[in-house]
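S.K.: Can you keep this structure in mind? I'll have questions shortly.
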Amino acid sequence: MIWKTKKFSALVCLGWVMLVIAAFFMRYEKSRDERERLALAAARHLTGMITVTRAWNAGHGGLYAPVTPAFQPNSYISDRMRDIQVNDQLTLTRINPAFMTRQLSDIAAGENGVRFRITSTRPLRPNNRPNELEKRYLEFFEQSAVDKGEFILEGNKEVYFYMTPLVTDSSCLECHAKQGYSEGDIRGGISIMIPFLMKIPLYFLLSWHLAMAVCGVVIIHLGIHKLSHAYDTIEHLATIDELTGIPNRRSFMAAMDVEYKQSFRDKTDLSLVMCDIDFFKKYNDTWGHSEGDRCLTTVAQTIQSVLKRPHDLCSRYGGEEFVLLLPGTDLKGAVTIAEQVRLAVEKQRDASGRTVTLSLGAAALDASQSSPEDLIKKADAALYKAKKNGRNQVQYE
């Protein structure tokens, strides 16, 4: 029973641990999905700002800014109105949406590490050629004009790469019509690299789920231990006589069935002794039920003390009757043990000097008994003979 309890406890604990592990991976995947969702939302928001800014620039036909040593005209703008000489000290140069996007990217990269740029397989500016990752995304846009992103490693740091297709509109054709683009064509994409700082709380998740696993195992172990203890208590109450503390009739019948079958199978001896306290009803009526209970307990313990072998069984059969199951014992041995029991009980005296005696009937298994009940009937017949012949004696069948 203990082994079965430990095995059951181990299986339940293993099941709980597997459940916690599954919960950990589910939570980890959910955290990854949430991280991906937030990164995608941030990238789309930034792309939206870039797109709005580009649309604002394109809507004005480009913007002009002063030429300085640090800011020179865009050589890829082929427009006679690209530069405007205001006076000897001031020259303005035109900034188209693409040129403005590069400048904004340089500012963002310097401030927060965010980088973005316009790229195309047919760029006007050679530096806008796509890298391998961007090329893969551009090939994807040819099949499906849907933005997407992924986390990648850049050196030893994880960043979020995002790219959205760039659709040609009327304001783009001024520069790109000569490349063969028409309105509505996908002529490239805007790629963004975000140094995403949100990390999956792996240490916290591991610690939390480990604590859950340990607590669960402890609770399961304690719960099963208590259930096992409760089961043992119930089983004990079901097989032990509450008054005398020795096995009850149910326990005897179970043992009788096992020993009877084994005796027939192995061709070994099996004997049975039935005992009855002489004139117990008179004793009980004279001295009261409390004294009667005390008498039953004393007799039970005395009989138990005579039995030396661990497989011999003494049970309370009912009322003032007791039964001795003696495996590996022939009739002669059973009679000897019965006589030892009779003498031991006869020698017992209570505080008032009262004594009780036993009548005992012994029987041994033989080929004529076809069931345990036959052996019990035979021992009971021997007990009846002992009572009929004057009590306080051993008879056998």
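The values are calculated or read from the model by the stated rules, or taken from the named source; none is laboratory data. Quantities reported herein were computed from a predicted structural model and do not represent experimental measurements. When we count neighbours, we look across all protein chains shown, and the Cβ atoms used for this are built from the backbone with ideal geometry, even at glycine.
S.K.: What residue, among those in the range 104-136 that are over 17 Å from residue 48 (Cα atoms) and aliphatic (A, V, I, L, M), is farthest from the chain's Cα centre (by Cα)?
M.R.: The qualifying residue farthest from the chain's Cα centre (by Cα) is 124.
S.K.: Now, a different point. Somewhere in the range 25-37, is a residue among the aromatic types (Phe, Trp, Tyr) and part of a helix (DSSP H, G or I)?
M.R.: Yes: the range 25-37 contains one or more residues that are among the aromatic types (Phe, Trp, Tyr) and part of a helix (DSSP H, G or I).
S.K.: Please go through the range 19-43 and give me each residue that is of a type in the set (D, E, K, R) and either surrounded by 15 or more Cβ atoms within 10 Å (Cβ to Cβ) or more than 19 Å from residue 191 (Cα to Cα) (or both), ordered by number.
M.R.: Those that are of a type in the set (D, E, K, R) and either surrounded by 15 or more Cβ atoms within 10 Å (Cβ to Cβ) or more than 19 Å from residue 191 (Cα to Cα) (or both): 27, 29, 30, 32, 33, 34, 35, 36.
S.K.: Test residue 77 against the stated conditions and say whether it is over 30 Å from residue 159 (Cα atoms), of a type in the set (Val, Ile, Thr) and at pLDDT below 85.
M.R.: It is true that residue 77 is over 30 Å from residue 159 (Cα atoms), of a type in the set (Val, Ile, Thr) and at pLDDT below 85.
S.K.: Only one residue in 93, 101 is in contact (Cβ under 8 Å) with a residue 60 or more places away in the chain and either under 22 Å from residue 57 (Cα atoms) or assigned to a loop (DSSP other than H, G, I, E, B) (or both), so which one is that?
M.R.: 101
S.K.: Turning to a different aspect of this structure: Which is crowded, with 16+ Cβ neighbours inside 10 Å, assigned to a helix (DSSP H, G or I), modelled with pLDDT of 90 or more and not aromatic (Phe, Trp, Tyr), of 281, 332, 378?
M.R.: Answer to the selection: 378.
S.K.: Criterion first (modelled with pLDDT of 85 or more and not in a strand (DSSP E or B)) does residue 162 satisfy it?
M.R.: no
S.K.: Working carefully through the options 345, 323, find the one that is assigned to a helix (DSSP H, G or I) and surrounded by 17 or more Cβ atoms within 10 Å (Cβ to Cβ).
M.R.: Only one candidate qualifies: 345.
S.K.: Would you mind telling me which numbered condition in (1) outside any strand (DSSP E or B); (2) among the hydroxyl-bearing types (Ser, Thr, Tyr); (3) modelled with pLDDT of 85 or more; (4) surrounded by 16 or more Cβ atoms within 10 Å (Cβ to Cβ) residue 228 fails?
M.R.: If we test residue 228 against (1) outside any strand (DSSP E or B); (2) among the hydroxyl-bearing types (Ser, Thr, Tyr); (3) modelled with pLDDT of 85 or more; (4) surrounded by 16 or more Cβ atoms within 10 Å (Cβ to Cβ), just (3) comes out false.
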